[in-house]
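Reading through the C-alpha cells given below for one structure.
The values are calculated or read from the model by the stated rules, or taken from the named source; none is laboratory data. No experiment lies behind these values; they were computed from the predicted model shown. Positions of Cβ are generated from backbone atoms using ideal geometry, with glycine treated the same way; all protein chains shown enter the neighbour counts. Note: areas computed on protein heavy atoms with side chains; ligands, DNA, RNA excluded. Shrake-Rupley method; radii C 1.70, N 1.55, O 1.52, S 1.80 Å.
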Amino acid sequence: MAESLIDLKALLVEREECNAGTVAKLREGLAQGGTQFKTLREVGDQLAKKLEGATGAPQKNLQVKLGIVRYFQGQTNQAIEHLKHADGALANFYLGRLLASQGHYDEALKAFEKSEKAGYAANLVQLQKAAVHRQKGELKEAKQILHKQEEQSKHTPEYHFQLAGIAQSEGDRLKAVQFLERAVELDPSHSGALFQLGYINDLAGNDDEAIRHYESCLRHPPVHLGALNNLGVLYEDNDKYDKAVECFNRILKANPADEQARERARLFLKDSQASQTMYYHPDEDQNSTAFRQVMEVPVTDFELSVRSRNCLKKMNIKTLGDLTRVTEQQLLASKNFGETSLEELREIMSAKGLRIGQSLEQGVQYEPRPRHHHQALTAEEQAVMNKPVMDMNLSVRARKCMNKLNIGTVGELMSRTADELLEAKNFGMTSLNEVRDKLAGMGLKLRGD
C-alpha cells in the first residue's frame with residue numbers, strides 16, 4: 001500500500017503553530033519526493049500573501065514559517081531575512097545555522113545564544129556552537145563544548161557529525177569516516193554526514209560510493225547545493241549527462257546567493273547539455289576532441305590484474321593513448337607479462353575502439369604530451385614547480401581533470417597549453433579560467449599564455 005503524502009499545506013498554512021516538531025514533519029514530507037517540492041512552493045506563495053496584511057504576533061509567526069520554507073528550498077538569503085524579522089527559539093536556531101553557512105560566525109553565535117535562552121534544546125544548540133567554533137578555526141573551544149556534551153549527546157547523530165568535523169580539521173580522515181558512518185547509522189537521513197561521506201569518497205576517486213552518498217544526501221532536504229554540484233560533475237565523468245543536466249538545473253532553480261556559484265552552474269549546465277550528444281567512434285577523425293579524450297583515459301580506471309598493473313607501472317604507461325604507442329612484443333618482453341595479461345589489455349582497448357600499437361601503425365598520429373623540464377631553477381622555484389596541484393584548492397571539476405591528465409604538480413600543469421587542457425573531458429572555459437587565475441596568483445601561467 002502506497003504511503004500517503006504528508007499534507008504540507010495543512011501543516012504550514014492551516015495550522016498556526018510552528019515548532020521543532022513542525023520542521024521535522026516538513027522534512028519527512030519533503031523526503032517523500034513526488035510533488036512535495038511543488039507543493040512547498042505553493043505553500044511559500046500562500047504564506048507570503050498572508051504576510052502582506054499581517055501585524056503583531058501573527059506577522060512574527062508567518063516570518064518564522066516563511067523562513068523555514070525558504071531554508072528548505074535552499075534560498076538562504078530570503079530565509080535569513082524572514083528569520084531576522086521573527087522571534088523565538090526556533091527562528092533563532094535556524095537563523096544561527098544559516099548565518100554560519102554564510103560565514104557570519106559571530107552573528108551565528110549570538111543567534112544561538114538567543115535560541116537557547118528562549119528555550120530551544122540546549123544540547124542541540126551547543127553542538128551547533130561547537131560547529132561554529134570549528135569553522136572559525138577555534139578547535140580548542142569546539143572540543144571543550146563537545147567534551148561537556150558527551151554524556152548527554154553521545155547517542156545523537158549530530159554529536160558524531162561534529163566529532164567528524166574535528167577529525168577532518170586535524171587531518172585524521174579515517175577517524176572522520178568512522179564518526180560520519182556512526183552518525184548515518186544513528187540517522188540514515190543526516191544530510192551533513194551523507195554529504196561529507198560523499199565528498200571524502202569523491203576525493204579518493206571512489207566514484208560509485210561518492211555518487212551513492214550524494215544521492216542519499218539529496219533525498220533528505222534542505223537542498224544541498226554542494227552535493228548537487230559535485231554529483232553533477234561525477235555524473236558527467238560517468239557519461240550520465242542527462243542526470244548532470246538535472247543537477248545543474250536544480251542549482252539554478254534554487255537561486256544561490258553567490259553569483260559566482262550561479263554563473264558556474266550555468267556554464268556547467270551548458271557543457272553538460274553539449275556533452276549529451278558527444279560520443280567517439282573509431283571511424284571518426286582521430287584529431288577530434290572525442291578521440292583525444294578517450295586517449296587520455298587513465299589505465300587505472302579499469303579493473304586490471306595485479307600482474308598487468310605492475311607491468312604498466314614499470315613501463316610508465318598511464319593512459320590508453322600510451323598503450324597505442326607500444327607494441328604487443330614490448331609488453332610481452334616485460335617480466336611476468338604473458339598472453340593472459342595481453343588479452344586483458346586487448347579487451348579493454350577494443351571496448352574503447354582502440355588497439356595496442358595503433359598510433360605506431362598510423363605514424364604516431366597521437367603524440368605524447370610535452371613535459372616541462374625545470375632547468376636553471378633556484379631551490380625556491382623548484383619547490384614551486386614541485387608543489388602538488390591538489391594544494392591549489394581547485395574546484396571538483398578542475399581537480400578531476402588534473403587527475404585524468406596525470407597532472408600532479410604545478411610544473412606539469414605549466415607544461416600544458418590552454419588548448420590541451422580544453423581537450424580533456426568536461427574541462428571547459430570555466431575550469432580553464434579558474435586554473436589561469438590560480439596560477440596568476442602564484443605569478444605563473446600555462447605554456448603558450
Subject >> GNM flexibility winner over the chain from G74, G88, G198 (Cα, springs under 10 Å) >> reply: G88
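With a 1.4 Å probe and all protein chains kept in place, how do S334, S4 rank by accessible area, largest first?
Final ranking, largest accessible area leading: S4, S334.
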Original post:
Do any trypsin sites (Lys or Arg not before Pro) in the range 103-143 lie in a loop, going by DSSP, with at most 16 other beta-carbon atoms within 10 Å of their beta carbon, and if so which?
Top reply: K136
Subject >> Compactness relative to 2.2 N^0.38 Å, alpha carbon Rg of the chain >> reply: 1.16
**OP:** Report, ordered by chain and residue number, the lysines lying within cross-link reach of K253, taken as a straight Cα distance under 17 Å and ignoring same-chain residues fewer than 8 apart.
**Re:** K38, K243, K270
Original post:
Per Stokes-Einstein, at 20 °C and 1.002 mPa s, what whole-number D in µm² s⁻¹ belongs to the range 40-136, with the Kirkwood radius over Cα pairs as the hydrodynamic radius?
Top reply: 159
**OP:** Ignoring everything but the protein chains, give the 1.4 Å probe accessible area of D239 in square angstrom, nearest 10.
**Re:** 90
Subject >> Mean-position separation - Cα centroids, the range 46-88 and the range 128-176, in angstrom >> reply: 31
Original post:
Which FRET efficiency value, to the nearest 0.05, is calculated for E328 and A379 with the Förster distance at 56 angstrom and r the Cβ-Cβ distance?
Top reply: 0.80
Original post:
By how many degrees, between 0 and 90 and to the nearest 10, does the Cα long axis of helix 259-275 differ from the longest principal axis of the chain?
Top reply: 50
**OP:** With a/c under 1.5 counting as rounded, go ahead and sort the range 134-188 into rounded, prolate or oblate using the C-alpha gyration tensor (a ≥ b ≥ c being the square roots of the eigenvalues; past the cut-off, prolate if a/b is larger than b/c, else oblate).
**Re:** oblate
Original post:
What percentage of the solvent-accessible surface of the chain, computed with a 1.4 Å probe over protein heavy atoms, is contributed by carbon and sulfur atoms?
Top reply: 48
Subject >> Nitroxide proxy distance, nm - points 7 Å out along Cα→Cβ at D7 and K313 >> reply: 6.3
**OP:** Enumerate by residue number the trypsin sites (Lys or Arg not before Pro) in the range 391-449 meeting two conditions: DSSP loop (anything except H, G, I, E, B), and at most 10 other Cβ atoms within 10 Å of the site's Cβ.
**Re:** none
**OP:** Any chance you could check the Cα centroid distance between the range 301-356 and the range 186-212 for me, in angstrom?
**Re:** 33
Subject >> Highest-fluctuation residue, E434, E236, E52 considered, GNM on the chain with Cα pairs under 10 Å >> reply: E52
Original post:
If T378, T300, T156 are ordered by their accessible area, calculated over protein heavy atoms with a 1.4 Å probe, which sequence runs from highest to lowest?
Top reply: T300, T378, T156
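Counting other C-beta atoms within 10 Å, and keeping those with at most 12, which DSSP coil trypsin sites (Lys or Arg not before Pro) do you find in the range 323-353?
Here the trypsin sites (Lys or Arg not before Pro) that fit, given the DSSP loop and packing criteria, are K335.
State in Å² the accessible area per residue of the range 2-78; use a 1.4 Å probe, count heavy atoms of protein chains only, and round to the nearest integer. Please report the intermediate quantities before stating the final value.
Details: 3910 Å² over 77 residues.
Computed with neighbouring chains in place, this is 51 Å² per residue.
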